[in-house]
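To start, the structure itself, in structure tokens.
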There are 2 protein chains.
Amino acid sequence: MPLDPSRTVVELRELQELTGDENGAQRVAWTDTWEQAREWLRGKVAPLGAEESVDAAGNQWFTLRGASDKAVLIGGHIDSVPNGGWLDGALNVVAGLEVLRRLAEEGTPPVTVRLVNWADEEGARFGRSLFGSSAAAGSMTDQDELRARKDAAGIALADALGQHGVELDRAVDAARELEGAAAYLELHIEQGPVLESMDLPLGVVLGTFGVERHQIRFRGQAAHAGSTPMDKRRDALAGVARLELEIREIAKRTGDGAVCTMGGVVTKPGIVTSVVETAECLLDQRHLDAGKLAAMLGDAKRASERFAEEEDIAVEWERIWNIEPILFDDALVDLADEAIKEVAGKSHRLPSGPLHDAAEVARAGIPTVMVFVQSLRGLSHTKLEDTKEEHLGLAVQVLDRLATKTIARVAAG
Amino acid sequence: MPLDPSRTVVELRELQELTGDENGAQRVAWTDTWEQAREWLRGKVAPLGAEESVDAAGNQWFTLRGASDKAVLIGGHIDSVPNGGWLDGALNVVAGLEVLRRLAEEGTPPVTVRLVNWADEEGARFGRSLFGSSAAAGSMTDQDELRARKDAAGIALADALGQHGVELDRAVDAARELEGAAAYLELHIEQGPVLESMDLPLGVVLGTFGVERHQIRFRGQAAHAGSTPMDKRRDALAGVARLELEIREIAKRTGDGAVCTMGGVVTKPGIVTSVVETAECLLDQRHLDAGKLAAMLGDAKRASERFAEEEDIAVEWERIWNIEPILFDDALVDLADEAIKEVAGKSHRLPSGPLHDAAEVARAGIPTVMVFVQSLRGLSHTKLEDTKEEHLGLAVQVLDRLATKTIARVAAG
């Protein structure tokens, strides 16, 4: 069978019909609907002669044995958030299926090719994203914490996993699946507005941003809004306001895709008749360069301390979470760039703001690259998520070409 | 009996002992504890020969008949907020009691002198402040709305009033009490930091600020904190942050005591991974000059619209409440200034940020003035509210001298 990109679109709609409803995709990991989607994928791959296996973390593998044991991996995730979109994760699984079909048709490939459907990328039910890929990558170090996790109904993560044949304590045994892996390829919707704004269907991803997340608390003094002169105030909100404007300047002067976001503010007492005593805000900073990310964080901290001093208020920082930038493989980035140019004429290199399974695989030392296809209006994690069909078709062609180039590269050693 | 300012302090402590607890004053209007405080006051005035009456709004009047029916009123409120301070309201009732004692001792005054204990100044239980004074002043126009009010336990305002002998529909009949009133005097703690910062015990109040209260809503677009470049964002929080800083500039350049306060901010979705889509804030602006207040409001609106345009977000304003500035009587302000200088050496003229019963009386056309005594740390509406005893003593002397001067002025026509 020659490659048929339009079939990918048909199959994605078939999957959405089977596992979605009027509110969007409902393939939340560790649920019956998710298992139904996995069964659907199993049925699609069966005629191709690729062997199916499910690893210790619940990841679903389809292996097309090649002349060499060295393996090129194509990975995605069929799980979605509740009321999610039809493309986030599923696109690459279904596009990868089409590439596998084309390869299987052509006989034994020079190297082994494996399609992997990672378990629980979204972490929608238990708040732990990248479950299956981090287990395989050897970076899952939080089992003790995971053992205590429950979903909204009070069901423990370990019990939910058990119902799908996965033992939490053994999940990290999935690491053996990456032995022999020589390259990892992932196609994903951008989930942002960059490609659409540049009128480009596709781009190659340089890596995933490093992230610094903090909660910052400014403390001033509550005071009557009528009886307290302006020069006698210690207004905690002023610290937040100045920091919100400053982080934009920090991002702008850092450049290279730097982003800083103040996502929420909580004021206390928060009433119209009082100066704000305590103002808490959430800060998210991201950059592809670890040094620049550290500098952005330092700049924001110093600025907040200067504002606190000038406003006669106090400030304290608490880290919520952070992760280092994860860079993809230079040679594979070049191959993906070539593939995009051949199919779509023009390519663009961009960082990924969101994390992806590909970041976990890259952390494990496997040469990795991702391709982004344009998202309409940058929307994702909503049923409004969409991509033009012609762009989906181009994306399948790019993944196919990238797979061919990568197989050739790995086969050549 | 000569004036004994120290007795006022003793009686204030007695009242606090009787009607407060370890959390502060508990004389919430329309409760048994409040009625107990009124009974206590009744007992204190009884020996003086002043006639007691309770008007249609529940205001408690003590009348010392003079040679003329023209009346000088001294007013305060014995009700408090829950967990309130020992001085807010009660100070003037108890100081007025001491002045009444001194006057009664001296025989029939040239004009009638009346001490009024206004009902429900704080509005702590039903959220309607200045109840009794607005009824007497003829400015209570919200009976329909008041009829629907309930306290936290679901008890209707009208029912609670009924238990204290007040019919809501007849409350405005209290207006007849102001017939013949020629002057109104009120002593109050400042509830702000101005006199303390100037190291002055007392000041004369020029009037109460006009107030403009608005809720302002900026609407942008939620967007992923990782995948949305800075220049593609429509961040509603930026509008709030810029307005918070701008209102301080507006107050500063307006001067003459102008205050602007952003008391609360609510952000949606308010999560660390998203640009803020909607940011609502509360704005309170106050000035003693109606024109300047209107200009401050106009400046803030124009600024918010400029910010919205520059940030590619929307902005809408909704008025929560407003009141015009209420100016006190020039001649009485001069008399109060004299009295303060005679007693304490130095006076200061200042506006009142908070509203007071005096503002209602002034709106009714009665020549009115207030005297403020220093508040320690500007605290009020808390058990931490306090004023030095020596300053309380000076305050009673000032009220007494001001009463003497006012009586002489009214008697002279």
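Table for the structure above
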| item | result |
| --- | --- |
| For peptides A:323-329, B:374-380, B:2-8, sequence by mean Cβ density within 10 Å, most packed first | B:374-380, A:323-329, B:2-8 |
| Degrees between helix B:236-254 axis and first principal axis of chain B (Cα, 0 to 90, nearest 10) | 40 degrees |
| C-alpha center-to-center spacing [segment A:348-413, segment B:343-413] in angstrom | 74 Å |
| Over the protein assembly as shown, volume per residue of the alpha carbon convex hull, in Å³ | 167 Å³ |
| Protection proxy ranking, peptides A:154-160, B:277-283, average beta carbon neighbours within 10 Å, highest first | B:277-283, A:154-160 |
| 7 Å along Cα→Cβ, label-point gaps from B:T108 to other copies, nm, shortest first | 12.9 |
| Ranked order, A:W321, B:W40, B:W118, B:W317 - accessible area, probe 1.4 Å, largest first | A:W321, B:W317, B:W40, B:W118 |
| Translational diffusion of chain A, µm² s⁻¹ [Kirkwood Rh, Cα pairs; Stokes-Einstein; 25 °C; 0.890 mPa s] | 108 µm²/s |
| Rounded percent of accessible protein surface that carbon and sulfur make up, segment B:210-323, 1.4 Å probe | 46 percent |
| Extreme residue, positive dipole direction of chain A, given options A:V99, A:A156, A:G226 (C-beta unit charges) | A:G226 |
| Inter-label distance, nm, simple model (7 Å from Cα along the C-beta direction), B:D4/B:R147 | 5.1 nm |
| Inter-site label distance for B:I320 and A:R13 at 7 Å from Cα along Cβ, in nm | 5.2 nm |
| Antiparallel DSSP beta bridges within the protein assembly as shown, as percent of all bridges there, nearest 5 | 70 percent |
| Other protein chain Cβ atoms within 10 Å, averaged over every residue that makes up A:228-241 | 6 |
| Nearest-ten-degree value, helix A:389-411 long axis tilted from longest Cα axis of chain A | 70 degrees |
| Helix A:290-311 axis, angle to chain A major axis (alpha carbon atoms, nearest 10°) | 20 degrees |
| Stokes-Einstein diffusion coefficient of segment B:336-413, Kirkwood radius over Cα pairs, 25 °C, 0.890 mPa s, in µm²/s | 174 µm²/s |
| Heavy atoms of A:R176 accessible to a 1.4 Å probe, total area in Å² rounded to 10 | 150 Å² |
| Inverse mean reciprocal Cα-Cα distance (Kirkwood Rh) of segment A:211-323, Å | 14.4 Å |
| In range of the label at B:K301: residues from segment B:307-339 whose backbone nitrogen is under 12 Å from the point 7 Å along Cα→Cβ | B:316-319 |
| Virtual paramagnetic centre 7 Å along Cα→Cβ of A:K252, amide N under 18 Å, in segment B:231-273 | B:231-246 |
| Neighbourhood net charge (9 Å Cβ-Cβ; Lys/Arg +1, Asp/Glu -1) for A:P2 | -1 |
| Taking chain B and dividing mean pair separation by its residue count, relative contact order in percent (alpha carbons under 8 Å, at least six apart) | 22 percent |
| Per-residue HN-Hα couplings for segment A:77-82 [Karplus 6.51, -1.76, 1.60; θ = phi - 60°; Hz; x = Gly/Pro] | 9, 8, 6, 10, 6, x |
| Residues of the protein assembly as shown: accessible area per residue with a 1.4 Å probe, Å² | 37 Å² |
| Total formal charge among the other residues, if their Cβ is under 14 angstrom from that of B:S68, Lys/Arg +1 and Asp/Glu -1 | +2 |
| Rounded Å value of the spacing that divides the Cα centres of segment A:270-297 and segment A:117-169 | 30 Å |
| Segment B:130-245 - convex hull of the alpha-carbon atoms, volume per residue in Å³ | 248 Å³ |
| For segment A:206-214, 3J(HN,Hα) per residue [Karplus equation, 6.51 cos²θ - 1.76 cosθ + 1.60, θ = phi - 60°, Hz, x = Gly/Pro] | 7, x, 9, 4, x, 10, 10, 10, 9 |
| Integer Hz, Karplus 6.51/-1.76/1.60 couplings in order for segment A:25-42, x for Gly and Pro | 6, 10, 8, 6, 4, 6, 10, 5, 5, 5, 4, 5, 5, 5, 5, 4, 5, 4 |
| B:V266 accessible area, assembled protein chains, probe 1.4 Å, Å² | 80 Å² |
| Where labels lie 7 Å past Cα in the beta-carbon direction, separation of A:R170 and B:E105 in nm | 9.6 nm |
| A:K405 accessible area, assembled protein chains, probe 1.4 Å, Å² | 40 Å² |
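The values are calculated or read from the model by the stated rules, or taken from the named source; none is laboratory data. A quick note: this is a predicted structure, and the numbers were derived from the prediction, not measured. Cβ: placed from backbone, ideal geometry, glycine included. Neighbour counts: every protein chain shown. The accessibility values were calculated without ligands, DNA or RNA, using every heavy atom of the protein model including side chains. Shrake-Rupley method; radii C 1.70, N 1.55, O 1.52, S 1.80 Å.
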